[in-house]
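The values are calculated or read from the model by the stated rules, or taken from the named source; none is laboratory data. Just so it is clear, the structure is predicted and the values come from calculations on it, not from any experiment. Heads up, the Cβs are rebuilt from the backbone with ideal geometry, glycines too, and the neighbour counts pull from every protein chain shown. Each accessible area value is taken on the protein alone, full model and side chains, heavy atoms only, with ligands, DNA and RNA left out. Shrake-Rupley method; radii C 1.70, N 1.55, O 1.52, S 1.80 Å.
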Amino acid sequence: MNYILDGLRQALALLAHGDPETFSAVWTTLIVTFEAMIATLMLGAPAGFVLGYHEFPGKRAVRLVVETFLSFPTVVIGLVVYAFVSRRGPLGNWELLFTVPGMAVGLTILGLPIVIALTAQAVESLDSRLRPTLLTLGAKPRHLFLATLSEARFGMLLATTAAFGRIVSEIGISMMLGGNIKWDTRTITTAIALETGKGEFATGIALGIVLMVIAFAVNLIAAVCRRRAG
């Protein structure tokens, strides 16, 4: 028990003194998570809207594929993206391997099924009279899209927080596509795994504290938004 308390004290000291190596991993995590979340929402929200709002041939098959990807092994996602962005892959000329954008690509693929599935579910649960009411008011397709997502805002907020939690805590994809390079692509999760394996328990605790604070802050913001929207 003493080594845990000692590690906690050392971790708080690292944070208080602004340890450069610790905060480098924090900054990288924030950047890659922000990039992945922006891409995930920009692609996932419209796709989820189409899946939940429209009827089209093969909709059940598409829904099955999306729901399957919810439980898809993350290491396989990392492996597939690695094959595409490696030097011998079709996207090798883009030089995305072992870079923050390359990590963001893999994490976007991880978060997309969450946003698509939850957005579609939120849209499907709306009042069936919403669409004809908007059409009678002269709404255009763009207005239908925006108004529907506005009505489904609580589901969208849930989709955002769920995708964020999955993306910010992922280690396998970040390790495979980022390479855990110090000062460059090392994130909080990969740094925790590395430092704990080296016996640097204090650094692992410090990074774990920061990760929990980030997650708590995001969920607190989401709760405030839900209360105000309600």
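Results, tabulated for the structure shown:
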quantity: The chain, relative contact order in percent, only Cα pairs under 8 angstrom and at least six apart counted; calculated: 32
quantity: Per-residue HN-Hα couplings for the range 205-212 [Karplus 6.51, -1.76, 1.60; θ = phi - 60°; Hz; x = Gly/Pro]; calculated: 5, 4, 5, x, 4, 4, 4, 5
quantity: Listed residue (Thr196, Ala47, Leu96) projecting farthest to the positive dipole end of the chain, Cβ model; calculated: Ala47
quantity: GNM top mover of Glu95, Glu55, Glu67 - the chain, alpha-carbon springs below 10 Å; calculated: Glu55
quantity: Helical mean residue ellipticity (222 nm; -39500 (n - 2.57) per DSSP H run of 4+; nearest 500) of the chain; calculated: -25500 deg cm²/dmol
quantity: Size of electric dipole in the range 18-130: Cβ of Lys, Arg +1 and of Asp, Glu -1, about Cα centre, debye, nearest 20; calculated: 440
quantity: Mean Cβ count within 10 Å, highest first, over the residues of peptides 193-203, 215-225; calculated: 193-203, 215-225
quantity: Per principal axis, descending, Cα span of the range 41-147 in whole Å; calculated: 55, 25, 22
quantity: Derived scalar couplings ³J(HN,Hα) [the range 178-191; Karplus, 6.51 cos²θ - 1.76 cosθ + 1.60; whole Hz; x for Gly, Pro]; calculated: x, x, 6, 7, 4, 6, 10, 10, 7, 9, 4, 5, 5, 5
quantity: All lysines inside 27 Å of Lys198 as judged from Cα atoms, apart from same-chain residues fewer than 8 positions distant; calculated: Lys182
quantity: Carbon/sulfur fraction of accessible area - the range 185-230, other protein chains in place, 1.4 Å, %; calculated: 67
quantity: Fraction in percent of alpha-carbon pairs per bin - 10 Å, the range 157-230; calculated: 19, 41, 26, 12, 2
quantity: Span per principal axis, largest first, for the Cα atoms of the chain (Å); calculated: 66, 48, 26
quantity: Cα-centred dipole magnitude for the chain, charges only on beta-carbon of K, R (+1) and D, E (-1), debye, nearest 20; calculated: 740
quantity: Candidates Gly204, Gly92, Gly44: whichever shows maximal mean-square fluctuation once the chain is modelled as a Gaussian network with Cα springs under 10 Å; calculated: Gly92
quantity: Hull-based mean projected area of the range 99-163, where the convex hull spans the alpha carbons, in square nanometres; calculated: 5.0
quantity: Accessible solvent surface per residue of the range 1-124, calculated while the other protein chains remain in place, 1.4 angstrom probe, Å²; calculated: 57
quantity: Cα-centre dipole for the range 177-230 with unit charges at Cβ (Lys and Arg positive, Asp and Glu negative), debye to 20; calculated: 340
quantity: Under Karplus coefficients 6.51, -1.76 and 1.60, residue-wise ³J(HN,Hα) of the range 74-89 in Hz, glycine/proline x; calculated: 5, 5, 6, 4, x, 5, 5, 5, 4, 4, 7, 9, 5, 4, 8, x
quantity: Cα long-axis angle, helix 59-69 against the chain (0 to 90 degrees, to the nearest 10); calculated: 10
